Amino acid sequence: MNAPQATLKPPFLPFALPDIGEDEIAEVVSCLRSGWLSTGPRCAQFEKNFAAHLGGGVACVAVNSATAGLHLAVEALGIGPGDEVIVPVHTFTATAEIVRYMGADPVFVDVEPGSLNIDVSKIEAAVTPRTRAIIPVHYAGLACDMAAILEIARRHDLRVIEDAAHALPTTFGGTQVGALESDVTVFSFYVTKTLATGEGGMLVTRDAEIAKRAKVMRLHGINRDVFDRYRAGGNWYYEVIAPGFKYNLTDLAAAIGLHQLRRLDEMHRRREQIAEAY
Ligand SMILES: *Cc1c(COP(=O)(O)O)cnc(C)c1O
């Protein structure tokens, strides 16, 4: 059967097409043949490879979108009604939306005209006794001044969640975004992002408690994942310890992600060439 033809406008300059190679295609076929389509061995491998790519001993939790990852981050940090979270005025809606999911209030801070990143000099004026966290966005992959943001956070006892939906691969001061000192960093693998799996995301943290909570809450609040229960030597017993979400990444998406991750630098160089041409 042929795929249904979408009725699209004639192509002019297509926006951020995914760069899918033969390895990604072959891996999806292998995944289909394996019979394990949802969260399983390919997700586990993708999380492991992603952590190794970032370095710094971070833990990775694969999710089905960056929105899901950001939601799990504010949930794990215990942000709730009455709390305020500082976000930039100029970003995708998800950055502020997930603050409202928790019943907390986003507080908008202006961006700098040059970088379109949050204006660090305006953050402190927005801090109140209710402020709990800052969510900087590395707009279009240009890193925010994370040293300044982390310093402000330390001074006011705030948590930092980096919205790194555009920021793979990006470095700040020679360190990969994702391996800095923030509480959580979240990447997106949506079709238009620099690593594309269709839908998908990665929550990255160096805090073992946050990683543990996010793993439980990405799958209905169940204290053990399905792969863990069904692999050799496992047993079926589990408990539901909180009303969680359905945010797990499929192995089909992870199959694509494994090879996109391997090709990250190659794809980055290609984008640089195209930018040069413009
Ligand atoms: C795309 C994007 C998101 C959301 O990513 P999804 O994976 O589609 O949920 C969040 N923040 C920013 C800045 C984005 O561009």
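The values are calculated or read from the model by the stated rules, or taken from the named source; none is laboratory data. Just so it is clear, the model here is predicted, and its values are computed rather than measured. Neighbour counts are summed over all protein chains in view; Cβ atoms, including those assigned to glycine, are modelled from backbone coordinates with ideal geometry.
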Quiz item: Just wondering, is there one or more residues in segment 239-249 that are at pLDDT below 95, more than 16 Å from the ligand (Cβ to nearest atom) and either of a type outside the set (A, V, I, L, M, F, W, C) or part of a helix (DSSP H, G or I) (or both)?
Solution: yes
Quiz item: Is there any pair with a first residue in segment 80-107 that is on the phi > 0 side of the Ramachandran plot and a second that is away from the ligand (no atom under 15 Å from the Cβ) whose Cβ atoms are under 7 Å apart and which are 6 or more apart or on different chains, and what are they?
Solution: 82/130; 103/80; 103/81
Practice problem: For segment 113-127, enumerate the residues that are polar (S, T, N, Q) and assigned to a loop (DSSP other than H, G, I, E, B). | Solution: 115, 117
Quiz item: What number goes with the only condition from (1) surrounded by fewer than 22 Cβ atoms within 10 Å (Cβ to Cβ); (2) away from the ligand (no atom under 16 Å from the Cβ) that residue 141 does not pass?
Solution: (2)
Quiz item: Hey, residue 179 hits all of (1) within 18 Å of residue 153 (Cα to Cα); (2) out of contact with any helix residue (DSSP H, G or I) (no Cβ under 8 Å at 6 or more places or on another chain); (3) more than 16 Å from the ligand (Cβ to nearest atom) but one; which does it fall short on?
Solution: (2)
Quiz prompt | Sole residue being out of contact with any Asp or Glu (no Cβ under 8 Å at 6 or more places or on another chain), assigned to a loop (DSSP other than H, G, I, E, B), within 24 Å of residue 172 (Cβ to Cβ) and touching a residue at least 12 places away in the same chain (Cβ under 8 Å), chosen from 16, 51 | solution = 16
Practice problem: Could you check how many residues of segment 97-110 are among the aliphatic types (A, V, I, L, M) and touching an Asp or Glu at 6+ places or on another chain (Cβ under 6 Å)? | Solution: 2
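Yes or no, residue by residue, for (1) exposed (fewer than 15 other Cβ atoms within 10 Å of the Cβ); (2) away from the ligand (no atom under 12 Å from the Cβ); (3) closer than 30 Å to residue 198 by Cβ; (4) of a type outside the set (Phe, Trp, Tyr):
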| residue | (1), (2), (3), (4) |
| --- | --- |
| 66 | no, no, yes, yes |
| 76 | no, yes, yes, yes |
| 81 | yes, yes, no, yes |
| 115 | no, yes, yes, yes |
| 118 | no, no, yes, yes |
Practice problem: Please go through segment 149-198 and pick out each residue that is surrounded by 18 or more Cβ atoms within 10 Å (Cβ to Cβ) and on the phi > 0 side of the Ramachandran plot. | Solution: 178
Quiz item: In segment 11-64, what count of residues is obtained for those that are exposed (fewer than 13 other Cβ atoms within 10 Å of the Cβ) and of a type in the set (Asp, Glu)?
Solution: 1
Practice problem: Working only within segment 48-86, note down all residues that are in contact with a strand residue (DSSP E or B) (Cβ under 8 Å, 6 or more places away or on another chain) and of a type in the set (Gly, Ala, Ser). | Solution: 51, 55, 56, 59, 62, 65, 66, 68, 69, 73, 76
Quiz item: For residue 96, which of the numbered conditions (1) touching a Ser or Thr at 6+ places or on another chain (Cβ under 8 Å); (2) more than 28 Å from residue 265 (Cβ to Cβ); (3) of a type in the set (A, V, I, L, M); (4) assigned to a helix (DSSP H, G or I) fails to hold?
Solution: (1)
Quiz item: Within the set of pairs 6 or more residues apart or between chains, which connect a residue that is more than 18 Å from residue 205 (Cβ to Cβ) inside segment 156-173 to a residue that is polar (S, T, N, Q) and within 10 Å of the ligand (Cβ to nearest atom) with Cβ atoms less than 8 Å apart?
Solution: 166/188
